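Report on one structure; see the data block that follows.
The values are calculated or read from the model by the stated rules, or taken from the named source; none is laboratory data. Quick caveat: nothing in here was measured; it's all calculated off a predicted structure. Note: ideal-geometry Cβ built from the backbone for every residue, glycine included; neighbour counts use all protein chains shown.
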2 protein chains.
Amino acid sequence: MTNDSNLPHEIVSAIQSVVGAGPLALHEPRFNGNEWLYLKECLDSSVVSSIGKFVDRFEVELASYLGAKYAVAVVSGTAALHVALRLAGVTQGHEVLLPALTFIATANAVTYCGATPHFVDSEESSLGMDPGALREYLATATIVQGGCCINRLTGRVISAMIPMHTFGHPVAIDELLAVAKDFHLHLIEDAAEALGSTVGGRHAGTFGLMGALSFNGNKTITTGGGGAIVTDSIRLKEHAKHLITTAKTPHRWNYFHDEVGYNYRLPNLNAALGCAQLEQLPSFLADKRRLFSEYLSSLKKVKGVRLVAEPPGCLSNYWLQTLLLDEAFSSQLDDVLEFTNNVGLMTRPAWTLMHRLPIFSRAPRAPLGVAESLARRIINIPSSAGLLPKGVEKV
Amino acid sequence: MTNDSNLPHEIVSAIQSVVGAGPLALHEPRFNGNEWLYLKECLDSSVVSSIGKFVDRFEVELASYLGAKYAVAVVSGTAALHVALRLAGVTQGHEVLLPALTFIATANAVTYCGATPHFVDSEESSLGMDPGALREYLATATIVQGGCCINRLTGRVISAMIPMHTFGHPVAIDELLAVAKDFHLHLIEDAAEALGSTVGGRHAGTFGLMGALSFNGNKTITTGGGGAIVTDSIRLKEHAKHLITTAKTPHRWNYFHDEVGYNYRLPNLNAALGCAQLEQLPSFLADKRRLFSEYLSSLKKVKGVRLVAEPPGCLSNYWLQTLLLDEAFSSQLDDVLEFTNNVGLMTRPAWTLMHRLPIFSRAPRAPLGVAESLARRIINIPSSAGLLPKGVEKV
């Protein structure tokens, strides 16, 4: 056995020295709080559907936690992105900039608006959109005319960009906001994975015109399935609530709908779970941070791999703990995935880059060298908040 | 006070003689079964999201109840319609026939596919699509060419029709299937309101290529928010499951999506509620039928109004108990709505007819005389399964 082929074994040893033998999922929820109490209260009130006090409460407490003015609860992170894009004016014939390295929902939401995704590169430090490369690309590939950014090649309006906080690790959002401003783009923040992450003390999801969060079962907190739109604009908040409740206008009994809307409101039952989960978020984040630090020291000894750490001035929620193979070891990605999963440690690579999917192969794109490299080297490892014994430092 | 102006008072007296003084909602859920047990089991298993045993169980038990081969659980009735239409091949530039007298979701789902709703008339007996009028209309307004039904006026393909069981009352589905066959249209059944209704002993939702059900909080059974696609085709069932889970292809770890999909899967938490509710469905239906019969005798004495009853050979689930004013009394619709709601009896008129909404005012349509008449005369009255004391006949 060569030195190289030891990598899978070394990684497994390093992981197991922190979290034990397994089997372990990539990310599991934890229900140690008031979940039971609130679900019971919800059932006893007979209000399980979309009008109910837990929905209101979840929205208020979520916004308060984030330091945002408003949060609007919806059925999924995908729905949150869809509505945010529509409210940003993204429509038929537009293009929207997003990283090639993202989950399919970001690109799908663009297509739901009749628009075309336009893929851009990521940077190694944050795994997210590279503001420098983006600025350089837009300077040559687009022209700003009458307050609109136009793709020189396709002639289409580029109306928005969607930076995404990859696996919860904060993207360079301040620099991206500056690019968005200079090129007249709305910035919608895909914070689906980043609840609890901050940049300069400010929460992911609160930087753009609107932010989108997800509370799917695999996320830091869960509502079963769910998401939220975050905004400081009362107009956007009200319009979002209108759109997600079939755009029905208020009336004592008449059914009148003034635009094409959706049935995207989060049920009260799911919001009840969310209220209980939100109370535990600080402890989940602390546990995930502790897990990061344990993994960091354990993996320090393994040559050819490093653990992704939060950029300076930022806090990652460490939703997923991300290994990055050195380029020289990237040929062993599949071996590591095979071996870890075979021994019961659930690991996952990056998503297939969006432009590699046949459905998006003809979409416009910038040079994607860094995203291509990252996709060969990313491995996410077991990351649940509950992996370490509570409050006990591992010796 | 004229004879005419007594109608609101007479209706209130008739309703209150059956269900008491109120206040009463239009439709409230009842949670007297295993809801609590199953939600607890769901939490204890830590599986609240979209992969979980309650989702599988709900789908199997729902299909079995309906006598269908497959049911696929989704987040809403709207999502069920959207996916069903897409699977029927409805796409950009198509038209889809639906009643003008329907809830907005039916029309919205058509627009999500990039298609245009084409509104047709209803019949007084069922409140649903009129097969005779439809056949006559299509014979002059369309031409069948190369196996496609073409709108002569717009030149667009009409690819599908969506009959809807209005308020749960069964539509003339057999006759509509014959029209669909003759004009080469896929028939998608909007059974959102009709769980438990039957035509010739066969369940609503199982007649068309696919059926769509809803389990919103106001429906006969609820999952908080939710819906299902019903089909006998294993190919459509598999494709539906694929589309609602982001069209991800199966692989041990790779993320590959082979078409634009959705995040529409029902969470396990909501399915747990659904399993408990489904167990109680027969008793809910019996109670609603008993309520119908009480209302029927009580309202018999009121001149100018009748209670909508199931057509011969059909069973209505009586989701909503529907009053129909005589045409001569239709000018009193608003008075009745005002008075009933003021005394705490929640009543609701028909939906604004789809072609009366500005968003659909330019959509193609057949003559809609009966729908216009019905919209002036429909009043739904308090209809919850729990309104009468359990198993005790009212004296």
Query raised in the report: Of the residues that make up the range A:348-361, is at least one in a loop (DSSP other than H, G, I, E, B) and in contact with a strand residue (DSSP E or B) (Cβ under 7 Å, 6 or more places away or on another chain)?
Result: yes
Query raised in the report: Pairs under 7 Å by beta carbon, first residue within 7 Å of chain A (Cβ to nearest Cβ) in the range B:239-257, partner surrounded by fewer than 17 Cβ atoms within 10 Å (Cβ to Cβ) and assigned to a helix (DSSP H, G or I), six or more apart or different chains?
Result: B:252/A:341; B:253/A:341
**Report entry** Of the criteria (1) surrounded by fewer than 17 Cβ atoms within 10 Å (Cβ to Cβ); (2) in the same structural domain as residue A:380 (by TED's automatic domain parsing); (3) touching a residue at least 24 places away in the same chain (Cβ under 8 Å), which one residue A:19 fails
**Finding:** (1)
Query raised in the report: residue A:219 versus (1) without any contact (Cβ under 8 Å) to a residue 24 or more places away in the chain; (2) part of a loop (DSSP other than H, G, I, E, B); (3) among the basic types (Lys, Arg): which is the lone unmet condition?
Result: (1)
**Report entry** Residues of the range A:258-280 satisfying the condition of being buried (at least 20 other Cβ atoms within 10 Å of the Cβ), within 9 Å of chain B (Cβ to nearest Cβ) and of a type in the set (A, V, I, L, M, F, W, C)
**Finding:** A:266, A:269, A:273
Query raised in the report: What are the residues in the range A:175-194 that are over 14 Å from residue A:103 (Cα atoms) and buried (at least 21 other Cβ atoms within 10 Å of the Cβ), if any?
Result: A:176, A:179, A:180, A:185, A:187, A:188
**Report entry** Residue check for residue B:51: more than 30 Å from residue A:31 (Cα to Cα) and aliphatic (A, V, I, L, M)
**Finding:** no
Query raised in the report: Give me the pairs: first residue in the range A:54-79 and within 14 Å of chain B (Cβ to nearest Cβ) and closer than 20 Å to residue B:263 by Cα, second residue β-branched (Val, Ile, Thr) and surrounded by 24 or more Cβ atoms within 10 Å (Cβ to Cβ), beta-carbon distance under 7 Å, and six or more apart or on different chains, which are they?
Result: A:73/A:55; A:74/A:83; A:74/A:229; A:74/A:244; A:75/B:75
Query raised in the report: Just one of the numbered conditions (1) more than 30 Å from residue B:252 (Cβ to Cβ); (2) surrounded by fewer than 22 Cβ atoms within 10 Å (Cβ to Cβ); (3) in contact (Cβ under 8 Å) with a residue 40 or more places away in the chain is not true of residue A:39; which one?
Result: (2)
Report summary line: The correct count of residues that are out of contact with any strand residue (DSSP E or B) (no Cβ under 6 Å at 6 or more places or on another chain), crowded, with 21+ Cβ neighbours inside 10 Å and in a loop (DSSP other than H, G, I, E, B) in the range A:55-87 is 1
Query raised in the report: Taking into account only those residues within the range B:249-304 that are closer than 30 Å to residue B:19 by Cα and outside any helix (DSSP H, G or I), which is modelled with the lowest pLDDT?
Result: B:301
Report task. Name the one entry in A:376, A:306, A:348 that is under 28 Å from residue A:203 (Cα atoms) and surrounded by fewer than 19 Cβ atoms within 10 Å (Cβ to Cβ). Result -> A:306
Query raised in the report: With respect to residue B:125, is the statement that it is part of a strand (DSSP E or B) and of a type in the set (Gly, Ala, Ser) true?
Result: no
Query raised in the report: Mind checking which residues of the range B:44-54 are crowded, with 20+ Cβ neighbours inside 10 Å and out of contact with any strand residue (DSSP E or B) (no Cβ under 7 Å at 6 or more places or on another chain)?
Result: B:47, B:48, B:49, B:52, B:54
Query - So residue A:271, is it closer than 30 Å to residue B:260 by Cβ and assigned by TED's automatic domain parsing to the domain that holds residue A:75 - result: yes
Query raised in the report: What are the residue pairs meeting all of these: first residue in the range B:130-141, first residue closer than 12 Å to residue B:182 by Cβ, second residue modelled with pLDDT of 95 or more, Cβ atoms under 6 Å, and 6 or more apart or on different chains?
Result: B:131/B:172; B:131/B:175; B:131/B:176; B:131/B:179; B:134/B:120; B:134/B:179; B:135/B:179; B:138/B:183
Query raised in the report: Among the residues of the range B:88-112, which ones are part of a loop (DSSP other than H, G, I, E, B), within 14 Å of chain A (Cβ to nearest Cβ) and either out of contact with any helix residue (DSSP H, G or I) (no Cβ under 7 Å at 6 or more places or on another chain) or more than 18 Å from residue B:180 (Cβ to Cβ) (or both)?
Result: B:91, B:92, B:93, B:100, B:101, B:103
Report summary line: Those residues of the range A:113-122 which are within 13 Å of another protein chain (Cβ to nearest Cβ), assigned to a strand (DSSP E or B) and buried (at least 23 other Cβ atoms within 10 Å of the Cβ) amount to A:117
Requested in this report: Would you mind stating whether residue B:4 is in contact with a helix residue (DSSP H, G or I) (Cβ under 9 Å, 6 or more places away or on another chain), over 21 Å from residue B:197 (Cβ atoms), away from chain A (no Cβ under 14 Å) and at pLDDT 95 or above?
Outcome: no
Query raised in the report: Within the group A:217, A:226, which residue is modelled with pLDDT under 95 and within 13 Å of chain B (Cβ to nearest Cβ)?
Result: A:217
